[in-house]
Amino acid sequence: MVVINPSNPTGAVLKQEHLYGIIKFAYEHGILLVADEVYQNNIYAGHEFISLRKAVHSIGPPYNSVSAISLNSISKGYLGEGGIRGGYMEFTNIEPGVLKEIHKIRDPYNINVTGSIVMGIVCDPPTYENASKEVVDLYNKERDDILKSLEAKVRIVMDTFKECKGVKCQPISGALYAFPRVFLPEPVVELAKKEKLKPCEYFCKRMVEDTGIITVPGCVFGQEQGTYHFRMSLLVWDLEEFAKMMQVMKKFINKFFEENK
């Protein structure tokens, strides 16, 4: 079972009791847990990230024997170095024989050196003990500026959707996305059928045609039947441009629902 925390696409962050519930379920059914935790540095509004590994170690017996694999990457977080490629897997309660097989498929002669260096910086960032003051201060400033900018975008998204007709978005606690629900009226559902599209696909298609804004239909993520969503990213880099984009999206949404009552 894959546990994405913080969540893509919903932006939710799991609390300790949620993690404990997942661990107990895995123990009772003999399930291996894979923790996708690549957004662990993207936490907003005072929420706390708790790793699955920490939860496994703190839950107590017999549940602390659950097998888990934790994943992290430099492609997300505050670096977003998708082009460099670097990440790691950490194993908890994995049988030695399984680890041996995993090591067999790891090629020690084709290591991505640059990616390994960047991943090492994420795991062990510069400190005043191992780097110059200038390096530490610059690293911390750039990291904090990126995270503050992302949190500002979260506030812009939530404030904008409050002014949109037919849209409701749960609070974004983490990760890099919003996943608003769109309450599409029956005439829109019928229009989508005529174009052989799912309703959320039709909505996203209309948005990109009218505004140039690309979003992902919620059906890609297995949304609850009878509900419609879209996923949008917080990664438009410039904060002012992001705010302008959200105003364009708001104008489109309100016009769309006005025209399709």
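The values are calculated or read from the model by the stated rules, or taken from the named source; none is laboratory data. Since the model is a prediction, treat every value here as computed from it, not as a measurement. Cβ placement follows ideal geometry from the backbone for every residue including glycine, while neighbour counts extend to all protein chains displayed. These area figures cover heavy atoms from the full protein model, side chains too; ligands, DNA and RNA do not enter into them. Shrake-Rupley method; radii C 1.70, N 1.55, O 1.52, S 1.80 Å.
Would you list which aspartates and glutamates come within 13 Å of K251, measuring only between C-alpha atoms, while excluding same-chain residues fewer than 8 positions from it? Leaving aside aspartates and glutamates fewer than 8 places away in the same chain, those within reach of K251 are E163, D210, E259. Its relative contact order, with pairs defined as Cα atoms under 8 Å and 6+ residues apart, puts the chain at 19 percent.
Cα centroid separation, region 72-123 to region 142-218: 32 Å. Simple rule: put +1 on each Lys or Arg Cβ and -1 on each Asp or Glu Cβ in the chain, find the dipole, and look at L19, H57, F257; the Cα lying farthest toward the positive end is F257. Across A26, A45, A131, mean-square fluctuation computed from a Gaussian network of the chain (C-alpha pairs under 10 Å connected) peaks at A131.
Accessible area ranking (1.4 Å probe, heavy atoms, ligands and nucleic acids excluded), largest first, for I156, I214, I74: I214, I156, I74. If I build a Gaussian network model for the chain, linking alpha-carbon pairs within less than 10 angstrom, which residue out of N41, N72, N110 has the largest mean-square fluctuation? It is N110.
Return the subset of K162/K193; K198/K261; K162/K261 for which the Cα-Cα distance in this structure is over 21 Å, preserving the input order. In this structure, K162/K193 exceed 21 Å between Cα atoms. Charged neighbours of P171, selected by a Cβ distance under 15 Å, balance to +3 (K, R count +1; D, E count -1). Just check region 107-261 against the gyration tensor rule for me: Cα atoms, a ≥ b ≥ c as the square roots of the eigenvalues, rounded for a/c under 1.5, and otherwise prolate or oblate depending on whether a/b exceeds b/c. It is prolate, given that a/c is not under 1.5 and a/b is the larger ratio. Taking only the alpha-carbon positions of the chain and ignoring solvent, what does the Debye formula give for the base-10 log of I(q)/I(0) at q = 0.10 Å⁻¹? Calculated log10 I(q)/I(0) at the listed q: -0.64.
Counting every pair of alpha carbons in region 175-261, the share spaced more than 22 Å apart comes to 23 percent. At full extension, R155 and I111 could sit 11.8 nm farther apart than now, given 0.36 nm per residue minus the alpha carbon distance. The accessible surface of the chain, taken with every protein chain in place and a 1.4 Å probe, is 55 percent carbon and sulfur. Of the three principal axes defined by the Cα atoms of region 1-125, the extents in descending order read 43, 40, 24 Å. Given a cut-off of 19 Å, what percent of all Cα-Cα pairs of region 72-131 lie beyond it? Taking all Cα-Cα pairs of region 72-131, the fraction more than 19 Å apart is 45 percent. Taking a straight line from the alpha carbon of K133, these aspartates and glutamates sit under 17 Å away, with near neighbours fewer than eight places off in the same chain left out: D124, E142, D144. The slack between E240 and Y139, meaning 0.36 nm per residue of separation minus the straight C-alpha distance, is 34.0 nm.
The lysines within cross-link reach of K54, meaning a Cα-to-Cα straight distance under 27 Å and a gap of 8 or more places when in the same chain, are K15, K24, K76, K100, K148.
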